[in-house]
1. Among the residues of region 94-127, which ones are open to solvent by 80 Å² or more (accessible area, probe 1.4 Å) and at pLDDT below 85?
2. Which of the residues belonging to region 252-276 are modelled with pLDDT of 85 or more, outside any helix (DSSP H, G or I) and touching a Gly at 6+ places or on another chain (Cβ under 9 Å)?
3. Please specify each residue of region 148-162 satisfying the condition of being more than 19 Å from residue 195 (Cβ to Cβ) and over 21 Å from the mean Cα position of the chain (by Cα).
4. So, in region 144-153, exactly how many residues are open to solvent by less than 100 Å² (accessible area, probe 1.4 Å) and either outside any helix (DSSP H, G or I) or in contact with a helix residue (DSSP H, G or I) (Cβ under 8 Å, 6 or more places away or on another chain) (or both)?
5. What residue, of 173, 232, is surrounded by fewer than 21 Cβ atoms within 10 Å (Cβ to Cβ) and within 29 Å of residue 139 (Cβ to Cβ)?
6. Which of the numbered conditions does residue 137 fail, given that it passes all the others? Conditions: (1) assigned to a helix (DSSP H, G or I); (2) at pLDDT below 90; (3) over 30 Å from residue 206 (Cα atoms); (4) hydrophobic (A, V, I, L, M, F, W, C).
7. Can you confirm whether residue 42 is in contact with a helix residue (DSSP H, G or I) (Cβ under 8 Å, 6 or more places away or on another chain) and either among the aliphatic types (A, V, I, L, M) or at pLDDT 85 or above (or both)?
8. Residue under question is residue 128, and the condition is that it be under 25 Å from residue 298 (Cβ atoms), among the small types (Gly, Ala, Ser) and without any contact (Cβ under 8 Å) to a residue 40 or more places away in the chain; does it hold?
Amino acid sequence: MSSVSTAHSVVEPSRTSKRIAASIVIIYAVITMIPLLWIVLTSFKSPPDSISYPPKIVFQPTLEGYCNLFTTRTRQTPDYIASLGEPTSTCDEITRSRNMVIAGASNYWPRFQNSLVIAFGSTFLAVSLGTFAAYGFSRFKVPLAEDLLFFILSTRMMPPIAVAIPIYLMYRQLGLSDTALGMILLYTAVNVSLAVWLLKGFIDEIPREYEEAAMIDGYTRMQAFFKVVLPQATTGIAATAIFCLIFAWNEYAFAVLLTSGAAQTAPPFIPTIIGEGGQDWPAVAAGTTIFVVPILVFTILLRKQLLRGITFGAVRK
């Protein structure tokens, strides 16, 4: 008597189950968005409204926080302000209403540019090096490969503060302290371990037969890598780039310790924004809002690759 195998079918979720799942996702999304929404709202408040108690939900919006973020101001007498004539810009008008005048540009924009250069530069290097290393571990017999992969991963196990002092002393001797090159190299070294582990999984799923067929047609190993493997691994590369960029973009500890002026990034600069009488919270919120935009745009542009990369990887046999 022959046994008959029974196929197991996936039960379609009921409409009630779908509604419950959708409600949970929406509630979670709303809760996680509240802090970001509050920061954006605070950036359009006046300094008194930003520290009012109870907190104001309805308020008169103003661009004072953004003006204070991008300018430095000095207090002047009403007679001197009246002698200046008509305001030349919205920020000039807002500043004069506080009995102050614009003295010059602030340091926020240079710090923001440093963040762009360092974060995207280190991400490019980390993903590039990680792709080649992952390909080597995936396609060749590397001696002690498992031990090497564990060693690469172990570099992410220690907190940054544990190696901050040695790195600071080393950078001071090498002249890399407070330089964009030094920060790019440091963030690359930290992110390359993550890139190797993520990309190795994607490259492992790309059939070797594709490369073998290409090499039979006359391609070299390197040509097969660039023309066959790399296009198939694009999804994994995009997902890895997002994770590496998020770390480099938000990193604070190394930036505080190793930069103070020329190469300082936005994260350690934003908390130092001071107004009259203390912290200028609208300017801090404005700086945070602007700081979030590039990483948000980058993630949205690659959201399909990120979702597919996390759930499915590259191609499967």
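1. 97, 98
2. Of everything in region 252-276, those that are modelled with pLDDT of 85 or more, outside any helix (DSSP H, G or I) and touching a Gly at 6+ places or on another chain (Cβ under 9 Å) turn out to be 259, 263.
3. 162
4. Counting residues in region 144-153 that are open to solvent by less than 100 Å² (accessible area, probe 1.4 Å) and either outside any helix (DSSP H, G or I) or in contact with a helix residue (DSSP H, G or I) (Cβ under 8 Å, 6 or more places away or on another chain) (or both) gives 5.
5. 232
6. (3)
7. Yes: the conditions hold for residue 42.
8. Yes, satisfied.
The values are calculated or read from the model by the stated rules, or taken from the named source; none is laboratory data. None of the values given here were measured: they were computed from a predicted structure. All Cβ positions, glycine included, derive from the backbone under ideal geometry; neighbour counts span all protein chains shown. Only protein heavy atoms, including side chains, enter the accessible area calculation; ligands, DNA and RNA are left aside. Shrake-Rupley method; radii C 1.70, N 1.55, O 1.52, S 1.80 Å.
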